[in-house]
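Encoded as structure tokens, the structure appears first; notes follow it.
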Amino acid sequence: MNGTGALLRELHDAVTDLAKTCRGVAERQAADRGTYHPAHTVAAQCDRHAARVRAWGERFEVRLHAPAAAPEPLAAVRDAVRHTSAAFRGDRPEAGVALLHDLCHLHEKAQRVHIHWVMLGQVARALRERELLAEAAALHGETRTQIKWITTRIREAAPQAVVVAD
């Protein structure tokens, strides 16, 4: 595997990890509509990004595999129970601190994806791969938007979590 292939593998791992983390945060914060729905949206974007990275991996002779989705026949029941229990937990002061922790963790994961997009853009520029450069720039732009959303949620949640907790 060449260096570009290794970078694509790292980017793919980072993007799929961010998607998984977003889904976990969404489920833990199910009572918070300002986090639940946008986190699922970010996860879906990451899934699309990972699919594009897999396509580029083939071009650079790197086989990247989509994360296996485990069949969950009782997923709807599980989600309803999580949502209901999260609604009951949502008014506790420590819920705000847990939200901040989750958002900070998401921010770290998103920053990892961001820096890999930066590196891939530079590699594409050096290789004079105009298609890769254009696509990396577009997907990197979506990642920057994701980071802005996470940062905004942190700004909104921090005062509430810290002041209410005191």
When residues of the stretch 9-45 are limited to those that are of a type in the set (D, E, K, R) and touching a residue at least 60 places away in the same chain (Cβ under 8 Å), the one farthest from Arg153 (Cα to Cα): Glu10
Evaluation of Glu72 against (1) modelled with pLDDT of 95 or more; (2) within 22 Å of the chain's Cα centre (by Cα); (3) more than 18 Å from Ala161 (Cα to Cα); (4) of a type in the set (Asp, Glu) (one fails), failing number: (1)
Members of the stretch 113-166 that are among the acidic types (Asp, Glu) and assigned to a helix (DSSP H, G or I): Glu131, Glu135, Glu142, Glu156
Top-ranked residue in the stretch 1-53 [being more than 14 Å from the chain's Cα centre (by Cα) and of a type in the set (S, T, N, Q); ranked as farthest from His114 (Cα to Cα)]: Gln29
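Out of all the residues in the stretch 146-166, which are among the β-branched types (Val, Ile, Thr) and surrounded by 13 or more Cβ atoms within 10 Å (Cβ to Cβ)? Show your work before the answer.
Kept after step one, since they are among the β-branched types (Val, Ile, Thr), are these residues of the stretch 146-166: 147, 150-152, 154, 162-164.
Ile147, Ile150, Thr151, Thr152, Ile154, Val162, Val164 - these are the residues of the stretch 146-166 that are among the β-branched types (Val, Ile, Thr) and surrounded by 13 or more Cβ atoms within 10 Å (Cβ to Cβ).
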Residue count for the stretch 120-143, restricted to those that are closer than 26 Å to Asp102 by Cα and surrounded by 13 or more Cβ atoms within 10 Å (Cβ to Cβ): 4
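Condition first: of a type outside the set (Phe, Trp, Tyr), out of contact with any strand residue (DSSP E or B) (no Cβ under 7 Å at 6 or more places or on another chain), without any contact (Cβ under 8 Å) to a residue 60 or more places away in the chain and under 17 Å from Val25 (Cβ atoms). Can you find one or more residues in the stretch 126-137 that meet it? Show your work before the answer.
Of the stretch 126-137, the ones of a type outside the set (Phe, Trp, Tyr) are 126-137.
Adding the requirement that they be out of contact with any strand residue (DSSP E or B) (no Cβ under 7 Å at 6 or more places or on another chain) leaves 126-137.
Filter once more, so that each one left must be without any contact (Cβ under 8 Å) to a residue 60 or more places away in the chain: 126, 128-131, 133-134, 136-137.
With the extra rule that they be under 17 Å from Val25 (Cβ atoms), the set shrinks to none.
For the stretch 126-137, residues of a type outside the set (Phe, Trp, Tyr), out of contact with any strand residue (DSSP E or B) (no Cβ under 7 Å at 6 or more places or on another chain), without any contact (Cβ under 8 Å) to a residue 60 or more places away in the chain and under 17 Å from Val25 (Cβ atoms): absent.
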Some residue of the stretch 50-62 being buried (at least 18 other Cβ atoms within 10 Å of the Cβ) and touching a Lys or Arg at 6+ places or on another chain (Cβ under 8 Å): yes
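Kindly indicate whether His65 is at pLDDT 60 or above, under 28 Å from Leu7 (Cβ atoms) and either surrounded by fewer than 13 Cβ atoms within 10 Å (Cβ to Cβ) or in contact with a His (Cβ under 6 Å, 6 or more places away or on another chain) (or both). Break it down stepwise before answering.
On the way: at pLDDT 60 or above: yes; under 28 Å from Leu7 (Cβ atoms): yes; either surrounded by fewer than 13 Cβ atoms within 10 Å (Cβ to Cβ) or in contact with a His (Cβ under 6 Å, 6 or more places away or on another chain) (or both): yes.
Taking the combined requirement at face value, the residue satisfies it.
May I ask you to list the residues in the stretch 11-43 that are farther than 21 Å from Thr145 by Cα and crowded, with 17+ Cβ neighbours inside 10 Å? Talk me through it step by step, then tell me what you get.
Restricting attention to the stretch 11-43, the residues satisfying the condition of being farther than 21 Å from Thr145 by Cα are 27-28, 30-31.
Residues satisfying the conditions are Arg28, Ala30, Ala31.
The values are calculated or read from the model by the stated rules, or taken from the named source; none is laboratory data. Bear in mind that the values here come from a model prediction, so they are computed numbers and not experimental data. Because the Cβ atoms are built from the backbone with ideal geometry, glycine has one as well, and the counts that use them run over all protein chains shown.
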